[in-house]
Amino acid sequence: MSYFSDVERDLVVAARTELAHGVVALDLVAHNGRDLPAWEPGSHVDLIFSDARTPAAERVERQYSLCGDAADRSTWRVAVLREDEGRGGSVRVHDEVQVGKRLRVRGPRNHFSCEIVPGKTHRFVAGGIGITPILGMVRAAAHAGVDWTLDYAGRSLSTMAFVDELRALDAGQGRVRLYPADAGARLDVAGVVDAAGEGDLVYACGPARLIAALEEGFADAGRTEALRVERFEAIEYGEPVWPDPFEVELALSGDVVTVQPGQSVLEAIEEQSPATMVLSSCRRGTCGTCEVPVLEGQIEHRDSVLTPLEREQSASMMVCVSRAACARIVIDA
Ligand code: FES
């Protein structure tokens, strides 16, 4: 199950903690000390760095998984890896966000929810900062007393966040396997696939190469449904299957917009039906903010959020990247 909150609120940075080399945690609280909305493992929030007058297409927003204690309603915690070669959001957090700063935050939102099922084995796989959504799942599994394992790879132990907490959750039972690359340890994807028994649930987050290898391994094993993934990089797709302009009818207003090749559905709506409200954040198919129900027509899903089953059902689409696979579609916007 996924859930959404599009509410934006100003939160205050109550604490800033170096979790590992290059990884800083921000603890965010309401300025009046009120409780924040509840969240579940796998949820993320958008940190909004632009002011409200900035046009949507130019706003700087970044998504970060909530990784604190879900039972503590006073605080949301995010952990941010500094990526000097990234798009600038993480550098901004590391260089400019200190204790006391106010941050505009939207969410939480969850496209990566985790089902803890008594009697099943829950297998978690994380690469680098991909541990952030996985940590809450590991905590939930450990506290529920269900069977679980974690395979966690990183460049070196000093860059791998939450290692001490994970070892404490493991309590010496050998459930946590760490793979620091500088020590020559390598996460064996084939081993993860082989170890996953019938009915096991596998949750993975990490770099594109790791996720692709897991997807291929589980697909080859005929077990696609066992794997749930979250990506923080956009999938690269080839040319659209429908290369021509297409029409999008907006059911709420009755407006019909024409989407040109090279233009997104979102851009066409913003240009041709400015009164239509479609929220967006990442604008590259990874966050799920722009998800809109589909009422009619075939969709070519080009996002990095929907599961294979959700793509097949095609009940919704991410209008920042996904396109029509026919001449006209109708969406509930
Ligand atoms: S705005 Fe993030 S998926 Fe479309």
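Each value in this text was obtained by applying a stated rule to the coordinates, not by laboratory testing. Just so it is clear, the structure is predicted and the values come from calculations on it, not from any experiment. So basically every Cβ, Gly included, is an ideal-geometry build from the backbone, and we count neighbours across all protein chains shown.
Evaluate the charge dipole of region 69-144 about its Cα centre and quote only its size in Debye, nearest 20, assuming +1 on the Cβ of each Lys and Arg and -1 on the Cβ of each Asp and Glu.
With Lys and Arg at +1 and Asp and Glu at -1, about 300 debye.
Write down the Å³ per residue value for the convex hull defined by the alpha carbon atoms of region 121-231.
Values: hull volume 10.4 nm³, N = 111.
Roughly 94 Å³ of hull volume per residue.
When the dipole is taken about the Cα centre of region 3-109, and only Lys, Arg (+1) and Asp, Glu (-1) are charged at their Cβ, what size is it in debye, to the nearest 20?
Using only the charged Cβ atoms, the result is roughly 260 debye.
Under a 10 Å cutoff between Cα atoms, tell me which one of Glu310, Glu300, Glu198 has the largest fluctuation in the Gaussian network model of the chain.
Per the Cα network of the chain with a 10 Å cutoff, Glu198 tops the list.
If you filter region 225-333 for chymotrypsin sites (Phe, Trp or Tyr not before Pro), then keep DSSP loop positions with at most 16 other Cβ within 10 Å, what is left?
Within region 225-333, the qualifying chymotrypsin sites (Phe, Trp or Tyr not before Pro) (loop, at most 16 other Cβ atoms within 10 Å) are Tyr237.
Just to confirm the filter: which chymotrypsin sites (Phe, Trp or Tyr not before Pro) across region 1-63 are DSSP coil and have at most 12 other Cβ within 10 angstrom of their Cβ? Walk me through the numbers before you get to the answer.
Numbers: sites: Tyr3, Phe4, Trp39, Phe49; in loops: Phe4, Trp39, Phe49.
Passing sites in region 1-63 do not exist.
Rounded to the nearest Å, what's the spacing between the alpha carbon centres of region 103-151 and region 275-310? Just the number, please.
24 Å
When you have a sec, figure out the Kirkwood radius of region 43-194 from all distinct Cα pair distances and drop it here in Å to one decimal?
Final number for the Kirkwood radius of region 43-194 is 17.2 Å.
R0 = 51 Å: FRET efficiency of Glu271 with Ala171, Cβ-based, nearest 0.05?
0.35
With charges set only on the Cβ (+1 for Lys and Arg, -1 for Asp and Glu), what does the dipole of the chain come to about its Cα centre, in debye to the nearest 20?
Charge dipole of the chain: 980 debye, to the nearest 20.
Using Stokes-Einstein with the Kirkwood hydrodynamic radius over Cα pairs, what translational diffusion coefficient do you get for region 246-331 at 4 °C and a viscosity of 1.567 mPa s, in µm²/s rounded to a whole number?
The calculation lands on 103 µm²/s.
Please list, by residue number, every one of the trypsin sites (Lys or Arg not before Pro) in region 1-53 that is coil in DSSP and has at most 14 other beta-carbon atoms within 10 Å.
Taking region 1-53 and a limit of 14 other Cβ atoms within 10 Å, the loop trypsin sites (Lys or Arg not before Pro) found are Arg34, Arg53.
Residue farthest toward the positive end of the dipole of region 101-256, with Cβ of Lys/Arg at +1 and Asp/Glu at -1: which of Pro243, Gly254, Val176?
Positive-most Cα among the choices belongs to Val176.
Amide H to amide H under 5 Å from Cys290: which residues, 5+ apart in sequence or cross-chain, H placed 1.01 Å off N in plane?
Ser281
Which log10 I(q)/I(0) values, to two decimals, does region 3-109 give at q = 0.22 Å⁻¹ under the Debye formula with one point per Cα?
Taken in order of the listed q values, log10 I(q)/I(0) reads -1.32.
Name the residue from Ala70, Gly88, Val105 whose Cα lies farthest towards the positive end of the charge dipole of region 62-106, charges +1 on Cβ of Lys and Arg and -1 on Cβ of Asp and Glu.
Val105
Which value in nm describes the separation of the simple spin-label points at Gln263 and Asp72, placed 7 Å from the Cα toward the beta carbon?
4.8 nm
On the Cα set of the chain, report Rg and Dmax in Å, please.
So, for the chain, Rg and Dmax equal 20.4, 61 Å respectively.
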